[in-house]
Amino acid sequence: MNYKHLFGPVPSRRLGVSLGIDLVPYKTCSYDCVYCECGKTTNLTTERQEYVPTEEIIAELQEFLEHKPELDYITFSGSGEPTLHTGIGRIVEYLKSNFSKYKIALLTNGSLLFDRDLQNSIRAVDLIMPSFDAYSNKVIQSINRPAQKFDRDRYIAGFKEFFKKYQGRVEVEVFIAKGVNDDAEEIRKIDNFLSDIDVDMIQLNTLDRPGTDEWVQAVSKEELKTVKGYFKNNPAEIIAKFKSRKKSKAYSSDIKAKILETISRRPCTAQDMVDVLGLHLNEVNKYLDVLAREGKISTKKQDRGIFYSKKS
Ligand code: SF4
């Protein structure tokens, strides 16, 4: 079977061996984050609907999981916002009823958690990893660039309401961009807000490779340590991407070699690699992270996006 909605299993630094489920078409998202590794959001929306047939996703899961693969997580992720899909609850229910041995994770920007129907749909997920890059509306607008109908006060209230009752594990990802949300004032606001929720870990991240917009800059490791020090009420750690990913059982040197070989012939965008190698964009991105950390690739921004080539 050729899977349209499943990808991987991919080596995930936080989730071990993770089977990805992509619930929405390419770059359908309620945010257009300046750092997004998947490129510019092409469908910026807050409208929840059945973007791809739920039963088609369930049929793919049935086929994949009946072979009893070894997985640490089945993860809702992809190149857009999974909670925009109205069938997410049905899929969670299906997995819990038929394949209960697998843990479920959800990567979300959290912007739609005010929706009561969504809240009920995802309560049984084992691990939720919401991003939360800013508390102030001004900073949210700068870094996440939400859809027009986004209402910041409703978002903040919905986020708190959901996580106050949620029983699973919560790992919040905060993406730090230089000069945007790296100041003590904004970080303390985030820290204070999250202290009302039972957060298991805050994970700090910054840019490894160019983001959607050229002006976005990473902070240095030292600066990230300073930011970590601003968190007083919640446990925080800096994501150690590169090492942990290579240790994962799903890490494939073959895929890494194929990517290197492809970009040694001519510079390619991540999407070109998806087309040539038949991989999911998230999978390609995970290996580009490793190659960037190893200093094996260089990047150049052009009209069609960011082009990767092999360093000689
Ligand atoms: S929320 Fe995630 S998928 Fe959407 S633009 Fe931001 S980083 Fe990309």
If I filter segment 2-50 down to residues being acidic (Asp, Glu) and in contact with a strand residue (DSSP E or B) (Cβ under 7 Å, 6 or more places away or on another chain), which single residue comes out as nearest to the ligand (Cβ to nearest atom)? Asp32
Subset tally (residues that are touching an Asp or Glu at 6+ places or on another chain (Cβ under 7 Å) and away from the ligand (no atom under 14 Å from the Cβ)) for segment 93-113: 3
Between a residue in segment 76-92 that is within 11 Å of Thr108 (Cβ to Cβ) and within 16 Å of the ligand (Cβ to nearest atom) and any residue that is among the basic types (Lys, Arg) and not in a helix (DSSP H, G or I), which pairs come within a Cβ distance under 7 Å, given they are 6 or more apart or on different chains? Gly80/Lys27; Leu84/Arg48
Return yes or no: is Leu118 surrounded by fewer than 23 Cβ atoms within 10 Å (Cβ to Cβ) and either within 16 Å of the ligand (Cβ to nearest atom) or outside the structural domain of Asp272 (by TED's automatic domain parsing) (or both)? yes
Just checking, which of Ala157, Ala105 is in the same structural domain as Ala236 (by TED's automatic domain parsing) and either of a type in the set (Lys, Arg) or not in a helix (DSSP H, G or I) (or both)? Ala105
More than 17 Å from the chain's Cα centre (by Cα), surrounded by fewer than 18 Cβ atoms within 10 Å (Cβ to Cβ) and at pLDDT 85 or above: is that true of Ser298 in this structure? yes
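The values are calculated or read from the model by the stated rules, or taken from the named source; none is laboratory data. Quantities reported herein were computed from a predicted structural model and do not represent experimental measurements. FYI the Cβ positions are ideal-geometry reconstructions off the backbone, even for glycines, and counts take in every protein chain you see.
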